[in-house]
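Asker: Encoded as structure tokens, here's the structure I'll be asking about.
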Amino acid sequence: MRLRDASSADAPALAAIHAQCFSMEVWDAAAIAALLATPGTFVLLDEDAGGFIMVRAAGGESEVLTLGVKPAARRRGIAKALVLSASERAVEAGAAVLFLEVNAANNAAIALYKGLGFGEVGRRKDYYLAPHGMREDALVLRASIPLMRV
Ligand SMILES: CC(C)(COP(=O)(O)OP(=O)(O)OC[C@H]1O[C@@H](n2cnc3c(N)ncnc32)[C@H](O)[C@@H]1OP(=O)(O)O)[C@@H](O)C(=O)NCCC(=O)NCCS
């Protein structure tokens, strides 16, 4: 696994990974490049496997904006490594906490985050539109960082 910082030149590759990970949320290359240009935002990319995490750190806090690993590369610890490395980067940027929103029905992601020490601090009712047209809640998760590497 080789993680590196992504730049706006990687936006098309990031959009392609994102499209394989999220069916209802289209982030095109232009949207990803625009996010990357916002202050405090960084992306760590595992180019070989096809996975990345985008985080914004500002004002002593940080937030996972998105995380995805291509289906063929899942369950190899790539997301875990991405979250751990991004949390260390956020600490370097002055953050002491890391937040994220996750679909309450996304058992894989919730297992990942809880295993890394995140706890539930809120729920946003009907936050996501699901493929079947229904709305699904988001959980707001929080962890103090740096996370424990276990
Ligand atoms: C969620 C996601 C990022 C996990 O990526 P991954 O690289 O497969 O995750 P890892 O291999 O690092 O898994 C680490 C731990 O998370 C948990 N986990 C991951 N996928 C899981 C699954 N499908 N079911 C149950 N637990 C799972 C396990 O505890 C796993 O450890 P283990 O493999 O030793 O049991 C990936 O499934 C994905 O991209 N999904 C679609 C996009 C998404 O939901 N992003 C998160 C939005 S907040």
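Read-outs: derived from the displayed coordinates by stated rules, not from any lab. No experiment lies behind these values; they were computed from the predicted model shown.
Asker: Whole-Hz ³J(HN,Hα) for each residue in the range 134-147, computed from phi via Karplus 6.51 cos²θ - 1.76 cosθ + 1.60 with θ = phi - 60°, x for glycine and proline: what do you get?
Answerer: Values per residue, Gly and Pro as x: 7, 9, 10, 6, 9, 9, 9, 10, 9, 9, 6, 10, x, 6 Hz.
Asker: Okay, moving on. What's the extension gain from A111 to R135 if we count 0.36 nm per residue and subtract their Cα-Cα distance?
Answerer: Values: separation 24, 0.36 × 24 = 8.64 nm, distance 2.14 nm.
Once the chain is fully extended between A111 and R135, it gains 6.5 nm.
Asker: Hey, another quick one. With n ≥ 4 as the cut-off for DSSP H runs, can you work out [θ] at 222 nm for the chain, using -39500 (n - 2.57) per run divided by the number of residues, rounded to the nearest 500? All intermediate terms of the calculation are to be shown ahead of the outcome.
Answerer: Numbers: 4 runs with 43 residues, N = 150.
Dividing the helical sum by the residues of the chain leaves -8500 deg cm²/dmol.
Asker: If you don't mind, another one. Could you work out how much longer the chain between D126 and R75 gets when fully extended? Use 0.36 nm per residue separation minus the Cα distance between them, nm to one decimal. Could you put the intermediate results ahead of the total?
Answerer: Details: separation 51, 0.36 × 51 = 18.36 nm, distance 2.86 nm.
The D126-R75 span can extend by a further 15.5 nm.
Asker: Please give the per residue volume of the convex hull enclosing the alpha carbon atoms of the range 3-144, rounded to a whole number of Å³.
Answerer: Working: hull volume 14.9 nm³, N = 142.
Roughly 105 Å³ of hull volume per residue.
Asker: Same structure again: Mean Kyte-Doolittle hydropathy of 1.0 or higher plus an axial Cα length of 20 Å or more: which whole DSSP H helices in the chain meet both? Each step should come with its number before you reach the end.
Answerer: Details: long enough: 78-92 (21 Å, 0.71).
None pass (Cα extent of 20 Å or more, hydropathy at least 1.0).
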